[in-house]
Amino acid sequence: MSRERVLITGGAGFIGSHLAELFLDRDYDVTVMDNLLTGRLSNIEHLFGREGFTFHKQDVTNYLHIPGRLDAILHFASPASPYDYLEFPIQTLKVGSLGTHKALGLAKEKGAKFLLASTSEVYGDPLVHPQPEEYWGNVNPIGVRGVYDEAKRFAEAITMAYHRSHGLKTRIVRIFNTYGPRMRLDDGRALPNFMCQAMRGEPLTVFGDGSQTRSFCYVDDLTEGIFRLLRSDTSDPVNIGNPKEMSILDFAKTVIAATDSTSEIEFKVLPSDDPKVRQPDITRARTLLDWEPEVQLAEGLEKTVTYFREELTRHGSERAPTR
């Protein structure tokens, strides 16, 4: 029997590249599609030459054609950090709408499963804590972050429409804060900012008073959850994240300790619509997927510190190239 084949859009990104590696390691053929707007070839260069791996440089909002059989499409194409979707607001909206539509059309044509990478940002600045999948969210559709939040909310809606109207086998993963190797140094999220500042001996920038919370999940735990979700029978959204919540201020102190840094902390004004809390209710993942995170923060940070030290050594004191 021939190996199953998956297409990963956005597969040169942080999470997408780890997924490509996981599926190859589990004897799938993997095709990665990425226009490299925020993804990087360096994330997947070690996969070139591996049996069953192919790469297409392509924008999924313009056209989408893959010859041959496809068993599953994992749609991860999208800018995913505040720096990125504030720099590319229209591209973010287009990939969430037009790109998702085209990826769903391809899945329908091929009779393939479709897994949408959604986000905890669909919950906005939540009024329910922790956040279960049944919660509809508290999103400002015209705020600066709305371009990402609403793109993902639309993507969920059209995915469910294809499921209900065409009987397409769909999966929706709501991803919570994830970290690990291959994050860009200039990603703009808390961990890359803190890592780079700590390793350069600069003050760590904490917005607001640092009391806002996040829940950090190591990338290997996330990809395992996504793999299990794809192979499950549920079409309902599933939170995949680490329910261990911590304040941003405590996280900054943890990064300083993990990097043996002497950096101090400086506080700046909280950005508009920045969520005050973020913590997944993973009851559904535990029940349906028999999944929960296994990598402790100390272990995950140790691996991530090693990666960031290597990247900073490679790029010197300058900001690492975005693309």
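The values are calculated or read from the model by the stated rules, or taken from the named source; none is laboratory data. Keep in mind that this is a model prediction, so the values were computed, not measured. Here Cβ is always computed from backbone atoms with ideal geometry, including for glycine, and neighbour counts include all displayed protein chains.
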#### Entry: Residue list for region 157-216, filter: surrounded by fewer than 17 Cβ atoms within 10 Å (Cβ to Cβ) and among the polar types (S, T, N, Q)
SER165, THR205, SER211
#### Entry: Selected residue (criterion: farthest from the chain's Cα centre (by Cα)) from residues of region 207-230 that are farther than 13 Å from GLN296 by Cα and part of a strand (DSSP E or B)
PHE207
## Note on the structure
GLU299 meets each of (1) over 30 Å from PHE114 (Cβ atoms); (2) in a loop (DSSP other than H, G, I, E, B); (3) charged (D, E, K, R) with one exception, condition (2)
### Message
Report every pair of residues separated by at least 6 positions or lying on different chains whose Cβ atoms are under 6 Å apart, first residue within region 135-163 and free of Cβ contacts under 8 Å to residues at least 24 places away in the same chain and in the same structural domain as ALA80 (by TED's automatic domain parsing), second surrounded by 21 or more Cβ atoms within 10 Å (Cβ to Cβ) and outside any helix (DSSP H, G or I).
### Response
GLY137/GLY124; ASN138/GLY124; VAL139/GLY124
### Query
If you take the residues of region 309-323 that are basic (Lys, Arg) and over 20 Å from the mean Cα position of the chain (by Cα), which of them is modelled with the lowest pLDDT?
ARG319
### Query
Does any residue in region 17-37 that is assigned by TED's automatic domain parsing to the domain that holds PHE55 come within less than 6 Å, Cβ to Cβ, of a residue that is among the polar types (S, T, N, Q) and part of a helix (DSSP H, G or I) six or more places away or on a different chain, and which pairs are these?
SER17/ASN43; HIS18/THR223; LEU19/THR223; LEU22/THR223
### Query
How about region 275-308: which of its residues are modelled with pLDDT under 95 and surrounded by fewer than 14 Cβ atoms within 10 Å (Cβ to Cβ)?
LYS276
### Task
Identify, from the list GLY143, GLY188, the residue that is on the phi > 0 side of the Ramachandran plot, small (Gly, Ala, Ser) and assigned to a loop (DSSP other than H, G, I, E, B).
GLY188
### Query
What are the residues in region 66-93 that are over 14 Å from the mean Cα position of the chain (by Cα) and either closer than 28 Å to SER2 by Cβ or buried (at least 19 other Cβ atoms within 10 Å of the Cβ) (or both), if any?
ILE66, PRO67, GLY68, ARG69, LEU70, ASP71, ALA72, ILE73, GLN91, LEU93
### Message
I'd like to verify a number: residues in region 46-64 that are under 16 Å from LEU93 (Cα atoms) and modelled with pLDDT of 95 or more, how many?
### Response
3
